[in-house]
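K.L.:
One structure is given below, represented as structure tokens, and several questions about it will come after.
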Amino acid sequence: MRREELDDVMEINRRVLPENYPAFYFELHYRNFGKAFLVAEAQGRIVGYIMCRVEYDNLYTANRVGRRGHVISIAVLEGWRGKGIGYSLMTRAMEAMKKYYGAEEYYLEVRVSNEPAIRLYKKLGFNVVKVLQGYYLDGEDAYLMARPA
């Protein structure tokens with residue numbers, strides 16, 4: 001992703017997801033983890049993005065401390081879903097988190113009702129670690145999912 005594409009990414013976030021972040025949050029992650037902040041382009045425009053960061057903390061998939069790659073936000077415009085874009089964004093972001101930031105594990109939160117996303121994450125080797133009660137602002141629970149790098 002390039003800096004000038006942040007406005008397009010924020011617009012996709014607003015259109016697709018109920019959870020929206022302020023502009024400084026996108027900017028912060030672009031500056032600190034830009035190699036794992038990716039966009040998908042089709043027909044000359046941005047149709048999806050993934051925003052990640054890497055943290056140093058207890059690993060969910062191992063009994064030790066290490067670098068965890070956190071998928072903070074991923075979104076694909078409605079007309080472009082089901083074409084492998086989310087899968088490609090996920091695999092490329094995981095590769096970047098490992099290569100450039102030393103991630104030993106990946107994790108994310110997903111709405112328990114988001115069955116297409118849960119299927120994608122399971123296809124990529126993620127497993128449910130636990131349920132986060134009332135995680136989202138509207139009160140819906142989330143699955144915390146993780147997998148080793």
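K.L.:
Based on the Cβ-Cβ distance of GLU95 and GLU41, what FRET efficiency does E = 1/(1 + (r/R0)^6) give at R0 = 25 Å, to the nearest 0.05? Present the calculation step by step, with values, prior to reporting the outcome.
P.N.:
On the way: r = 18 Å, r/R0 = 0.73.
Calculated value: 0.85.
K.L.:
Based on DSSP, what percent of beta bridges with both residues in the stretch 1-146 are antiparallel, to the nearest 5? Walk me through the intermediate numbers first.
P.N.:
Details: 26 of 30 bridges.
Percent antiparallel among DSSP bridges in the stretch 1-146 is about 85.
K.L.:
Net charge around ASP57, counting only other residues with Cβ within less than 10 Å of its Cβ (Lys, Arg = +1; Asp, Glu = -1)? Each step should come with its number before you reach the end.
P.N.:
On the way: positive: ARG67, ARG68; negative: GLU55, GLU105.
Every neighbour counted, the sum reads 0.
K.L.:
Can you compute the FRET efficiency between ARG31 and TRP80 using 1/(1 + (r/R0)^6), with r the Cβ-Cβ distance and R0 = 30 Å? Round to the nearest 0.05.
P.N.:
0.65
K.L.:
Net charge near SER113: determine it from the other residues with C-beta under 12 Å of the C-beta of SER113, scoring Lys and Arg +1 and Asp and Glu -1.
P.N.:
Values: positive: ARG111; negative: GLU115, ASP138, GLU140, ASP141.
Surrounding charge for SER113 is -3.
K.L.:
Quote the relative contact order of the stretch 1-147 in percent (integer), defining contacts as alpha-carbon pairs under 8 Å separated by 6+ residues. All intermediate terms of the calculation are to be shown ahead of the outcome.
P.N.:
Details: 254 pairs, mean separation 27.1, N = 147.
Relative contact order, the stretch 1-147: 18 percent.
K.L.:
Of the accessible area of the stretch 1-146, with the probe set at 1.4 angstrom, what percent is carbon plus sulfur?
P.N.:
Numbers: 3680 of 8000 Å².
Percent of accessible area from carbon and sulfur atoms in the stretch 1-146: 46.
K.L.:
Next question. Evaluate the distance, in nm, between pseudo-label points positioned 7 Å from the Cα of LYS122 and of TYR21 along their respective Cα→Cβ axes.
P.N.:
So the two model labels end up 2.7 nm from each other.
K.L.:
Under 19 Å from the 7 Å Cα→Cβ point of ASP138, by amide nitrogen: which residues of the stretch 75-103?
P.N.:
From the stretch 75-103, the list is 75-79.
The values are calculated or read from the model by the stated rules, or taken from the named source; none is laboratory data. A quick note: this is a predicted structure, and the numbers were derived from the prediction, not measured. Reconstructed Cβ throughout: ideal geometry from the backbone, glycine too, with neighbour counts over all protein chains shown. Please note that ligands, DNA and RNA were not included when accessible areas were found on the heavy atoms of the full protein model with its side chains. Shrake-Rupley method; radii C 1.70, N 1.55, O 1.52, S 1.80 Å.
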